[in-house]
Amino acid sequence: MQIDRFKDSPVGHLVPIQGHDARLGRDYRHFAFVPDPLPAAVDLTQRTLKLLGEADRALGALQAMTRLLPRPSLLVRPALTKEAVATSALEGTYAPLIDVLEGEYVDSRKQSAEVREVRNYVRAAQRGLELIEELPICMRLAAKLQRILVEGTRGDDYDAGRVRDRQVCIGDRGLGIEQSRFVPPPPGAALDAGLTDWERWVNAEDDIPLLVKVAVGHYGFETLHPFSDGNGRIGRLLITLQLVAADVLGFPILNLSPWLEPRREAYIDRLSQVSETGDFDPWVAFFADAVRARARAASATIDALLEMREDFIGRVRQAGARGVAVDLAGDLIGYPVLAVSDVQNLYGVSYPAANSAVDRLVRHGLLHEITGGNYGRIFRCDPVFDVIHAS
C-alpha cells in the first residue's frame with residue numbers, strides 16, 4: 001500500500017501493523033488504514049445530485065414495469081443468477097451463465113469449483129431476502145450470508161461466518177502486504193469499533209437520501225473489510241438487500257455488477273479515493289450512474305420479456321394448447337433453463353402432466369432438451385436465455 005496516499009486522509013488514519021506472512025514465509029511491518037465513522041452529512045455537487053435524481057426516476061420506472069408482470073417473482077431467479085456471475089467475476093471467479101443455470105440440476109460434487117462458488121452467491125442472496133424480514137442491515141446478517149457464500153470453496157476457513165481475526169489486504173496476495181493496493185484495519189478493537197459505528201450509521205434515521213446512504217454505506221463496509229474472504233460480493237449483495245428492505249425495489253431484479261465488472265478499476269479507484277481525499281462526491285456519482293444504467297437496462301429487459309411472453313402464449317394457444325402448457329409458455333420468462341420437476345412444483349401437477357406440457361412446448365420450438373451426464377431431463381428456452389444473457 002502506498003502510505004503517502006493515505007497519510008493525510010481527512011476520513012481516517014494509518015496504524016502500524018506487524019505479523020508473519022505464512023504465504024511468503026516471512027515477517028512484515030507495514031501500516032493499515034482505519035476509517036473514521038461515516039459522516040452525518042455528505043457534500044455533493046450539482047452534477048451528482050442530478051445523477052441521483054435520474055437514478056431515482058429510473059428505479060421508479062423499474063418498479064412500475066414490474067407491476068405489469070403477472071408474476072414479478074418469476075424474474076428473481078434469472079436476475080440473481082446474472083448478478084451472481086458478474087459479482088463473482090469482479091473477484092476473479094469466472095463461470096458462464098448457462099453453466100450456472102444448469103448447475104442447479106447437477107450434483108454439487110460434479111460442478112466445477114467456479115460454478116459451485118457462483119451458485120453459493122445465489123443461495124446467499126435467497127437467504128438474505130428471507131433474513132431481511134426479521135433482521136436489519138447488520139453484521140449478524142452479513143456474517144450469516146458470508147458463511148453461505150464461502151461454503152465448500154477456497155474461502156471456507158476456520159473463521160467463515162465470523163468477523164476476521166487476522167490481517168488481510170486487497171490486491172495480489174502473492175506480493176505481500178507491503179505491495180498490496182489497500183490494507184484495511186487490523187483485527188481487534190479498531191475493526192470491532194468500526195463495524196459497530198457502521199451498523200449504527202446504516203440504520204440511523206436521518207435526512208441522507210437513500211441512494212447516497214447505500215453508496216456511502218458500501219464504501220464503509222468495503223473499507224472495513226470485515227471478513228477474511230467474500231467482502232466484495234457480500235458488500236454488493238447488501239446494496240440489493242438495502243434497496244429491497246427500503247421498498248425501493250419490490251423484487252431483487254436490479255443487478256449492478258454487470259455494469260461494475262467492465263469498470264472494475266474505476267470502481268476500486270473511486271472507493272480508494274474517498275479514503276485518500278475524504279471526498280465522497282466522485283464515488284456517489286459513479287454509484288448513481290451504475291444504478292441509473294442498470295435500472296434502465298432492467299426495464300428494457302422486462303419490456304422485451306413481456307413482449308416475448310405474449311408471443312409464446314399466442315403461439316401455443318393458436319396451436320390448440322390449453323392448461324399447463326399455456327401457463328408454462330407464459331412463465332418461461334423466469335425459466336431460461338428448467339427441469340420437468342420445476343413444472344410439477346410450479347403447477348402442482350403429476351410428472352406425466354408436467355412432462356406432457358414440456359413436450360408440447362418442445363414441439364412448438366419454445367424449448368429444447370440440453371440434458372447431458374447422469375441427471376434428469378433439462379430444457380432451455382433460447383430466446384429467454386439470450387435476452388437475460390445480453391441484459
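Taking a straight line from the alpha carbon of LYS110, these aspartates and glutamates sit under 15 Å away, with near neighbours fewer than eight places off in the same chain left out: ASP99, GLU102. Cα centroid separation, the stretch 324-391 to the stretch 105-133: 21 Å. So for TYR105, TYR28, TYR158, fewest C-beta neighbours within 10 Å to most, what's the order? Fewest-to-most Cβ neighbours within 10 Å comes out as TYR158, TYR28, TYR105. The convex hull built on the alpha-carbon positions of the stretch 50-190 has an orientation-averaged projected area of 12.3 nm². Reachable lysines from LYS50, Cα under 19 Å, same-chain residues fewer than 8 places away excluded? Answer for LYS50, where 19 Å is the Cα cut-off: LYS213, listed by chain and number.
Once the Cα atoms are used to define both axes, helix 113-131 deviates from the longest principal axis of the chain by about 90 degrees. The residues neighbouring GLU261, those whose beta-carbon lies less than 14 Å from its own, together hold a net charge of +3 under the Lys/Arg +1, Asp/Glu -1 convention.
Whole-Hz Karplus values for the stretch 159-165 come out as 9, 4, x, 9, 4, 4, 10 Hz, taken residue by residue from phi with 6.51 cos²θ - 1.76 cosθ + 1.60 and θ = phi - 60°; glycine and proline positions read x. For the chain, the longest principal axis of the Cα atoms and the long axis of helix 46-67 meet at an angle of about 30 degrees. Express in % the proportion of alpha carbon pairs of the stretch 278-350 at distances exceeding 18 Å. Cα-Cα pairs in the stretch 278-350 separated by more than 18 Å: 58 percent. Charge tally for LEU62 (other residues, Cβ to Cβ under 14 Å; Lys, Arg +1; Asp, Glu -1): +1.
Less than 5 angstrom separates the built amide H of GLY12 from those of ASP36, all sequence-distant by 5 or more or on a different chain. As a length-normalised measure over Cα pairs under 8 Å and 6 or more apart, the relative contact order of the stretch 319-390 settles at 34 percent. Using only Cα atoms, locate the centre of the stretch 228-263 and the centre of the stretch 198-218, then give the distance between them in Å, rounded to an integer. Each part reduced to its Cα centre gives a spacing of 15 Å. Here the stretch 269-391 is treated as a sphere whose radius is the Kirkwood value from Cα pairs; by Stokes-Einstein at 20 °C and 1.002 mPa s it diffuses with a coefficient of 127 µm²/s. Once the Cα atoms of helix 281-318 and of the chain are each reduced to a long axis, what angle between those two axes, in degrees from 0 to 90 to the nearest 10, is obtained? The angle comes out near 10 degrees.
If you take all other residues with their beta carbon under 15 Å from the beta carbon of ASP8, and give Lys and Arg +1 and Asp and Glu -1, the sum is -2. A convex hull fitted to the Cα coordinates of the chain yields 137 cubic angstrom per residue. Taken over the stretch 319-390, the convex hull of the Cα atoms encloses 85 Å³ per residue.
Over the stretch 3-299, Cα pairs under 8 Å with separation of 6+ residues give a relative contact order of 30 percent.
Readers should treat all values here as calculations from the given coordinates under stated rules, not as data from a laboratory. The model shown is predicted, which means the values in this text are computed figures rather than measured ones. Heads up, the Cβs are rebuilt from the backbone with ideal geometry, glycines too, and the neighbour counts pull from every protein chain shown.
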